[in-house]
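The values are calculated or read from the model by the stated rules, or taken from the named source; none is laboratory data. Fair warning: this is a prediction, and the values are worked out from it, not measured in the lab. A quick note on method: Cβ atoms are made from the backbone with ideal geometry, for glycine too, and the neighbour counts reach across all protein chains shown.
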Amino acid sequence: MPRMVAPGPAIGRGFCGSVRAMNAKKIALGVLGVLVLAIALVLGLAAMQPDTYTVARSRVVSGTPEQISPYLTDMHQWISWNPWDELEPTSHKEYSDPASGVGAWYTWDGEQLGSGRMEITSIAPDEVRYDLHFLAPMEDTAEVIFTLAPEGEGTRVTWTMNGHNSFMGKLFGLFVDMDALIGADFERGLENLDEQLPPA
């Protein structure tokens, strides 16, 4: 009758190593599967976000619509209260000639602010509209609207921005509250505008 021979130490070590390798492979595949599902979920949620966005803030400021209008229709005066320019006042800027009225524009280019162009498209006693074109760090376009309405001893200025929500914008919006982020800049800008105007 043949004698049973117990597996040697080398065979045992090889078998254990194979089991560990198989377990490590299963864990790696499991982690990879979870990551793929998470990425698919994030991309799916981004695709479901609205195709357009609107950010709006308003504030009652000193002065009449006539006193406020030059700060909206003259690009040189726009810079005096622009909330972004104060973040990088050394950014390079160029202006149309003339720099006020329908068709007037200015461009900016900075390390922090990126680059872009804004042009006045229409002016009315109670409303000014602009085309805004961001070039860097990401290209995008938006429409900016300021409306003016007398209220009490001042004027309610409403600053609105409407734009198309690109897929990258939708993705970014899942992690950052864009309304709060841009809205805070609008609020700071309207406060700056109020400080430029004579007291009521």
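If you scan region 76-92, which residues turn out to be of a type outside the set (Ser, Thr, Tyr) and either surrounded by fewer than 16 Cβ atoms within 10 Å (Cβ to Cβ) or not assigned by TED's automatic domain parsing to the domain that holds residue 191 (or both)? Can you show your working first?
Restricting attention to region 76-92, the residues satisfying the condition of being of a type outside the set (Ser, Thr, Tyr) are 76-79, 81-89, 92.
Selection gives 76, 86, 87, 88, 89, 92.
With the structure loaded, tell me whether residue 73 is assigned by TED's automatic domain parsing to the domain that holds residue 124, at pLDDT 90 or above and within 31 Å of the chain's Cα centre (by Cα) or whether it fails that test.
Working: assigned by TED's automatic domain parsing to the domain that holds residue 124: yes; at pLDDT 90 or above: yes; within 31 Å of the chain's Cα centre (by Cα): yes.
Yes: the conditions hold for residue 73.
Yes or no, residue by residue, for (1) of a type in the set (Phe, Trp, Tyr); (2) in a loop (DSSP other than H, G, I, E, B); (3) without any contact (Cβ under 8 Å) to a residue 24 or more places away in the chain:
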site: 67; (1), (2), (3): no, no, no
site: 71; (1), (2), (3): yes, no, no
site: 83; (1), (2), (3): no, yes, no
site: 94; (1), (2), (3): no, no, yes
site: 97; (1), (2), (3): no, yes, yes
site: 121; (1), (2), (3): no, no, yes
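Each row is one residue, and each column tells you yes or no for (1) touching a strand residue (DSSP E or B) at 6+ places or on another chain (Cβ under 6 Å); (2) aromatic (Phe, Trp, Tyr); (3) modelled with pLDDT of 95 or more; (4) within 20 Å of residue 164 (Cα to Cα).
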| position | (1), (2), (3), (4) |
| --- | --- |
| 98 | no, no, yes, no |
| 102 | yes, no, yes, no |
| 109 | yes, no, yes, no |
| 112 | no, no, no, no |
| 122 | yes, no, yes, no |
| 126 | yes, no, yes, no |
| 130 | yes, yes, yes, yes |
| 140 | yes, no, no, yes |
| 147 | yes, no, yes, no |
